[in-house]
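Working notes for the structure below.
The values are calculated or read from the model by the stated rules, or taken from the named source; none is laboratory data. Quantities reported herein were computed from a predicted structural model and do not represent experimental measurements. Cβ atoms come from the backbone with ideal geometry, glycine included; neighbour counts cover every protein chain shown.
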């Protein structure tokens, strides 16, 4: 999870860049930092036991945007992820987000369902890349594993699902 947090700003910024409308006068945001994940789950109802699946994870992001007057605004977002594990790896099932209001002396905004937002898509992309790099069987030989990676310009470390730069020298 630490590696996902480290990689999340880059993934999120690529998602936001792809979703931008070229002729739009909207001032774009950039994710500049993602915070350490917290894994202490919240109860989903009074007196109800906390289920093992989906797994709850809490992260924060810091986004920078510019006002119409070209002022820099940094806004902290809180994200509540629900991750589920399948045979092929982890998937984002649901996500809620909230905006920190402390800068204006207000409490955070109420959580809103944000499973289709840029951060959720960035998390899905990262998890997809993580799953894609894993061999689909434990019996793959070292030669098969090498062929699996040989044409990549970016691979994923199978030991901890971390993105690693790798350049093909062929």
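Considering only residues that are in contact with a helix residue (DSSP H, G or I) (Cβ under 7 Å, 6 or more places away or on another chain), modelled with pLDDT of 75 or more and surrounded by fewer than 16 Cβ atoms within 10 Å (Cβ to Cβ), which ones fall in the stretch 20-36?
Within the stretch 20-36, 30, 32, 33, 36 qualify.
Taking the stated definitions as given, is residue 100 exposed (fewer than 13 other Cβ atoms within 10 Å of the Cβ), assigned by TED's automatic domain parsing to the domain that holds residue 128 and touching a residue at least 12 places away in the same chain (Cβ under 8 Å)?
no
Residue 79 passes all but one of (1) farther than 26 Å from residue 130 by Cβ; (2) modelled with pLDDT of 90 or more; which number fails?
Residue 79 satisfies every listed condition except (1).
With respect to residue 44, is the statement that it is in the same structural domain as residue 14 (by TED's automatic domain parsing), over 17 Å from residue 12 (Cα atoms) and surrounded by 10 or more Cβ atoms within 10 Å (Cβ to Cβ) true?
Here the answer is yes, as residue 44 does meet what is asked.
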